[in-house]
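Taking it in order: structure first as structure tokens, then the write-up.
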Amino acid sequence: MISVSRCRVTALLPLALLAGCGGVGRDIGEAFGEAVGEGLSCGILNCTESATLNVDEISPRITATQVDASRTVAIEASLGKSANLLTTVLIAPNERLTAGVDGGAEVAMDNPDGRRYGFSASLASSSAQPVVRVVFTRAGMRHVSEVTLPAAFSVLQPTGQPGMTRGGAALPVRLSLASSGDAGASASGTCSRTDGSSFAVKGAGLNAVAETGVAGGYRLEPAAVDTALNAASRSANNGNVGTPAVAQCQLTVAWTRSSRGSVAATMNGHGSITGLRQASHPLAYDARS
């Protein structure tokens, strides 16, 4: 919406650019975040100092995610410039980002690598639909963005350790939801190729198909899953079109629903704050049969 902890810059781009079903999954920001060294990262991220911008030019880019039955909300935030999706704003010394949930005390968002473009916080919530608040403060002035997360749901089907083969049947999935069509599926895990090499999959969108006649019903088609995993394989191999085909994978499939919140009226309207709720199940994929 997705492994919450895999990258501190998940919120670099708004939800419209997130890759995967239902608009959520691996995003461009993750690839940016994998760049090595601050100079290279800012070269890719087109970093700009916050001090050069007015507050109404700064776009907050925020996600708040709760996974399965966890009571922890993981919040990721960064700042952008207006509608420019490929510019990242570096926070200034007189600025800070804080986060709170359900009206509780705010905490300073963590920026452990000191690079000033990726911030995170993990906050506990026992409410059915946590309300997350993220505040950008400059020179004592607070600019508050807020989102209410979707309600929790679970995976009713499949159970146990489901498997899928390239030439086999689609995998039926049923979520504990009254309707279908507003959840997306993405996969993370490890895969091997036909030459014996391996690679990691991070939030690959699986193009799940909604079964509109079944409450919470979806299906995963082998052809779509195979296409997504081979695309992830090539991406992990520098885009090499000659990359050997995927052979086997051990995956976690995350089903994600999203909600949009309200960005501080004093900040740029091209920003976003998005709430994500996820439920997951394992999946073993075998492309050899």
Of the candidates THR137, THR65, THR87, the one satisfying the condition of being more than 25 Å from GLY203 (Cβ to Cβ) and not aromatic (Phe, Trp, Tyr) is THR137
Only one of these conditions is not met by THR159: (1) over 22 Å from THR48 (Cβ atoms); (2) in the same structural domain as ALA77 (by TED's automatic domain parsing); (3) part of a loop (DSSP other than H, G, I, E, B); (4) not basic (Lys, Arg). Which number is it?
(2)
Among residues of the range 58-84, those that are more than 11 Å from the chain's Cα centre (by Cα), closer than 28 Å to ALA151 by Cβ and of a type in the set (Val, Ile, Thr), counted
3
Looking at this structure, is ILE58 buried (at least 24 other Cβ atoms within 10 Å of the Cβ), farther than 21 Å from ASP182 by Cβ, modelled with pLDDT of 80 or more and among the aliphatic types (A, V, I, L, M)?
yes
Applying the selection to the range 163-175, what residues are out of contact with any Lys or Arg (no Cβ under 8 Å at 6 or more places or on another chain) and under 18 Å from THR252 (Cβ atoms)?
GLY163, MET164, ARG174, LEU175
Going by what's in this entry, would GLY140 be described as out of contact with any strand residue (DSSP E or B) (no Cβ under 7 Å at 6 or more places or on another chain) and more than 30 Å from ALA92 (Cα to Cα)?
no
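The values are calculated or read from the model by the stated rules, or taken from the named source; none is laboratory data. Only a predicted model underlies this, so the values are computations on that prediction, with no experimental measurement involved. Here the Cβ is made from the backbone with ideal geometry for all residues, glycine too, and neighbour counts use every protein chain on show.
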